[in-house]
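Heads up: the structure comes next, in structure tokens.
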Amino acid sequence: MPTIRRLPENLVNRIAAGEVVERPAAALKELVENAIDAGSTQIAVRLANGGLDLIEVTDDGCGMAPDEMALALERHATSKLPDEAIELVATLGFRGEALPSIASVARLTLESRAKGAAEGWRRVVDHGQLAGEGPAALPPGTRIRVEDLFGRVPARRKFLRSPRSEYAACLDVVRRLAMARPEIGFTLEHDGRRALAVQGGEGLANRVARLVARELAEDGVVIDAERGFARLTGVAGLPTFNRGVADHQYLFVNGRPVKDRLLVGAVRGAYADMLARDRHAVLALFLEVPPEEVDVNVHPAKTEVRFRDPAFIRGFLVSGLRHALESEGKRTAQTPAAGAMGNWQAEPLAPLGPQSAFPSSGGTSAAPLWPAASPSLFGAPRVSEAGQAWRGYEQAVMAPAGRAEVAEPLEPEQAEFPLGVARGQVAHTYIVAEAADGLVIVDQHAAHERLVLERLKAAGAGDKVAAAQALLLPEVVELDEPACDRLEENAGKLATFGLAIERFGPNAMLVRSIPAPLAKSDVSALVQDIADDLAQNGDVLLLGERLDHVLATMACHGSVRAGRALSVAEMNALLREMERTPRSGQCNHGRPTWVKLAHGDIEKLFGRK
């Protein structure tokens, strides 16, 4: 039988390093978090070769005395837990293993000077062994250098990615921490090149827009919601401002960057009927809850959290996001793209022939009015008579491509309409309206699709019971006993969605009716998915999201189709309803329902500005 033995200190540190310092970005995260917890107002980061050769973090925080520096390099020594109440920790880091773990797999130089001290102190640890210490000249604060990470652990180093990939991970770490602390200034240099620089003291919305996407300043909504003990702040992009991947979603809990499935699912649920399934929202959300309501010590790197009441947190995030988006729902990220605007530029006409293009009073010139290439400009055949050519030009150019109304001036009450008054329809698909501040073009199908969906959702809002489809023969769904217990506890809530179930023995549920929109779905699979959803989130979520998806599909098929001619009254009625309907700025798939050309844009097209 193998003998149990106590591992040597250096091996214990290397094992701890495997949990905490899996790559340069992980080491950088620990160092920057320490700098933030030290009360810094400015943090500077320097990297070389993606952090493999050098990671240097300099701050102007409180600093450390020489004896504290020695303790900081020992395992399980920390200043961040004044007592044993680990569940009430309010700092970013508290394990007390980061510095000794990093020092066991790299050459670490720790320099620090406490505020008010006459001089600083340096302590060098080379792969777990003290290599020297002595006085150091530096301003108040701390500077840590990590060199040759995993240099003597080739088995770990060969699993690292390329320097470019490791640098990208480091940049993401600094970006996330800088986003959560707008009061602190951050700089990041890589191989001598400045990659990131933000000044401290700027507002949260400005900091997020600078670090995530500058377009968020115009195409995002500011969130500030409270419910009970929780508060949600941040910036969320309009549904029409989206990405093809979810790597522009930044989530924070009590200032700590996290990657939590519950929060990601809440974001997906909030945007469920406003984005296509392959598109993702752009946002940064900051959730603040009391420390006793969240466990941040469930992962060595503290990137995952566990909430005491996950159903409350998810519902709060979904409702807070939806409320913010609805308050700005008539907006859309709809600035015309530069390429699209370029298509409006006037095409130069081919030069005219040497003879006059217009018939003279006494001449009978048989020269063609337009050169040979001109028919492609107007779609009219060539003619040989000048008079016939002019009449062909009038018919081809002056005949409208769409229906239009007489451009009467806006009445005073009409000028108050944000989407203006309908002037015509182009290609039986787009409504052209004149607003007080520009020209509005509306996609009639996309707009009506959103309006129909909002009507369908409003019909089942509040305490109303959703329409149910009774099953001719009740269906028995077999599940394990805990799943049946969860379904039985939520039977009343499920009934409001139209799903009527009851217990049928210890390991089965009897389904008597299902929501009418889901009448053709697999009953057994539906109930099993809901049971799984209850196990994961502790609340009935999946069914509501499924119903939203079905309603979105119904709205798409029940909307005004492209290619249908509308009367002026119908067009104006559509515009007025859009102005009253939440989230009317985008369709159910995240595309804009209208775009606007401001007067200034139109003037630029004609060279007036």
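The values are calculated or read from the model by the stated rules, or taken from the named source; none is laboratory data. Quantities reported herein were computed from a predicted structural model and do not represent experimental measurements. As a convention, Cβ positions derive from the backbone with ideal geometry for all residues, glycine included, and neighbour counts pool all protein chains shown.
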- Note on the structure: Of the residues in segment 245-261, those that are assigned to a strand (DSSP E or B) and in contact (Cβ under 8 Å) with a residue 60 or more places away in the chain number 4
- What is the one condition in (1) part of a strand (DSSP E or B); (2) without any contact (Cβ under 8 Å) to a residue 60 or more places away in the chain; (3) within 30 Å of Gly255 (Cβ to Cβ) that Val124 does not satisfy? (3)
- May I ask you to verify whether Val511 is in contact with an Asp or Glu (Cβ under 8 Å, 6 or more places away or on another chain), over 26 Å from Leu453 (Cβ atoms) and β-branched (Val, Ile, Thr)? yes
- Query: Among the candidates Asp278, Asp273, which residue alone is in contact (Cβ under 8 Å) with a residue 24 or more places away in the chain and either in a helix (DSSP H, G or I) or in contact with a Leu (Cβ under 8 Å, 6 or more places away or on another chain) (or both)?
  - Reply: Asp273
- Unmet criterion (only one of (1) part of a loop (DSSP other than H, G, I, E, B); (2) surrounded by 19 or more Cβ atoms within 10 Å (Cβ to Cβ)) for Leu487: (1)
- Which of (1) surrounded by fewer than 19 Cβ atoms within 10 Å (Cβ to Cβ); (2) touching a Pro at 6+ places or on another chain (Cβ under 9 Å); (3) at pLDDT below 75 does Ala519 not meet, given it meets every other one? (2)
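This table checks each residue for (1) touching a Pro at 6+ places or on another chain (Cβ under 8 Å); (2) crowded, with 18+ Cβ neighbours inside 10 Å; (3) at pLDDT below 75; (4) part of a helix (DSSP H, G or I).
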residue	(1), (2), (3), (4)
Gly462	no, no, yes, no
Leu472	no, no, no, no
Ala483	no, yes, no, yes
Ala495	no, no, no, yes
Gly498	yes, yes, no, no
Leu510	yes, no, no, no
Ile514	no, yes, no, no
Gln528	no, no, no, yes
Met554	yes, no, yes, yes
- Query: If you take the residues in segment 159-193 that are over 17 Å from Arg46 (Cβ atoms) and polar (S, T, N, Q), which one is surrounded by the fewest Cβ atoms within 10 Å (Cβ to Cβ)?
  - Reply: Ser162
- Message: If Phe150 satisfies all but one of (1) more than 30 Å from Asn254 (Cα to Cα); (2) assigned to a strand (DSSP E or B); (3) not polar (S, T, N, Q), what's the number of the condition it fails?
- Response: (2)
- Query: Can you name the number of the only condition in (1) surrounded by 15 or more Cβ atoms within 10 Å (Cβ to Cβ); (2) over 30 Å from Gly255 (Cβ atoms) that Ala106 fails?
  - Reply: (2)
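Residue-by-condition table, conditions (1) assigned to a helix (DSSP H, G or I); (2) in contact (Cβ under 8 Å) with a residue 12 or more places away in the chain; (3) within 14 Å of Ala25 (Cβ to Cβ):
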{"site": "Leu130", "(1), (2), (3)": "no, no, no"}
{"site": "Glu133", "(1), (2), (3)": "no, yes, no"}
{"site": "Asp172", "(1), (2), (3)": "yes, yes, yes"}
{"site": "Ala205", "(1), (2), (3)": "yes, yes, no"}
- Task: Might you let me know whether segment 322-342 holds any residue that is modelled with pLDDT under 90, part of a helix (DSSP H, G or I) and among the hydroxyl-bearing types (Ser, Thr, Tyr)?
- Result: yes
- Return the residue satisfying two criteria in turn: it lies in segment 216-241 and is assigned to a loop (DSSP other than H, G, I, E, B) and buried (at least 20 other Cβ atoms within 10 Å of the Cβ), and of such residues it is modelled with the lowest pLDDT. Thr240
- Task: For segment 54-76, enumerate the residues that are modelled with pLDDT of 95 or more and either surrounded by fewer than 19 Cβ atoms within 10 Å (Cβ to Cβ) or in contact with an Asp or Glu (Cβ under 6 Å, 6 or more places away or on another chain) (or both).
- Result: Leu54
- Identify, from the list Pro300, Pro257, the residue that is in contact with a helix residue (DSSP H, G or I) (Cβ under 6 Å, 6 or more places away or on another chain), outside the structural domain of Ile36 (by TED's automatic domain parsing) and either at pLDDT 85 or above or within 29 Å of Thr593 (Cβ to Cβ) (or both). Pro257
- Query: Where residues in segment 21-49 are in contact with a Cys (Cβ under 7 Å, 6 or more places away or on another chain) and either in a helix (DSSP H, G or I) or of a type outside the set (A, V, I, L, M, F, W, C) (or both), which of them is farthest from Glu166 (Cα to Cα)?
  - Reply: Gly39
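One line per residue, one yes/no per condition, for (1) modelled with pLDDT of 80 or more; (2) within 31 Å of the chain's Cα centre (by Cα); (3) among the hydrophobic types (A, V, I, L, M, F, W, C):
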residue	(1), (2), (3)
Val523	yes, no, yes
Leu534	no, yes, yes
Asn537	no, yes, no
Val540	no, yes, yes
Leu543	no, yes, yes
Arg564	no, no, no
Ser567	yes, no, no
Arg608	no, no, no
- Query: Would you say Leu177 is in contact (Cβ under 8 Å) with a residue 12 or more places away in the chain and among the hydrophobic types (A, V, I, L, M, F, W, C)?
  - Reply: yes
